[in-house]
Amino acid sequence: MELERLHLAAVQRAEDRLSAARDNLESASLAQVKSESVTKQTYMVIDQPEIPQVAEISTKTMAVNFAIFVVVGIFLSVVAIAGGALLDRSLRFPIDVRHGLSLPVLAMVPTAKPILVAATADIGVASTSTAVVTEDATLQPQT
């Protein structure tokens, strides 16, 4: 009896060690799979990039694309300018006030005239003097 009990205890210990070893093996397998998964999730080069030997787009294609972009840009600019001018509701001329607002024009800002004009004194003389334009549009030397 004592022998059987010792034998059963030894078998029980061996079974416990075997189950612990199986658990450790399973843990090691899971750790290995996890590390492989982490390795695969990092950057992995599938195909090495190569420097092209020949241009993919020809010069003619690039010139045509550039011309198309220029034409479309000019067209869009013209459309934007024309649209801005058509949508502009500002009053620019006296007739705009009379017809648009049905009001009389009380005053206008006069058109600016040039005030200072450079004139030479005599032919052959390199000096210049500043003259003032008067109302009757004659040049008179400034003192």
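Scan the range 74-95 for residues that are surrounded by 10 or more Cβ atoms within 10 Å (Cβ to Cβ) and within 21 Å of ALA107 (Cβ to Cβ) and jot them down.
Looking only at the range 74-95, we keep the residues that are surrounded by 10 or more Cβ atoms within 10 Å (Cβ to Cβ), and these are 74-83, 91, 93-95.
Those that are surrounded by 10 or more Cβ atoms within 10 Å (Cβ to Cβ) and within 21 Å of ALA107 (Cβ to Cβ): LEU91, PHE93, PRO94, ILE95.
Report whether or not GLU26 is modelled with pLDDT under 85 and either assigned to a helix (DSSP H, G or I) or touching an Asp or Glu at 6+ places or on another chain (Cβ under 7 Å) (or both). Reasoning before the result, please.
Working: modelled with pLDDT under 85: no; either assigned to a helix (DSSP H, G or I) or touching an Asp or Glu at 6+ places or on another chain (Cβ under 7 Å) (or both): yes.
Spelling it out, it is not the case that GLU26 is modelled with pLDDT under 85 and either assigned to a helix (DSSP H, G or I) or touching an Asp or Glu at 6+ places or on another chain (Cβ under 7 Å) (or both).
The values are calculated or read from the model by the stated rules, or taken from the named source; none is laboratory data. Model, not experiment: these values are computed from the prediction. Methodologically, a virtual Cβ is constructed for each residue, glycine included, from the backbone with ideal geometry; neighbour enumeration extends over all protein chains shown.
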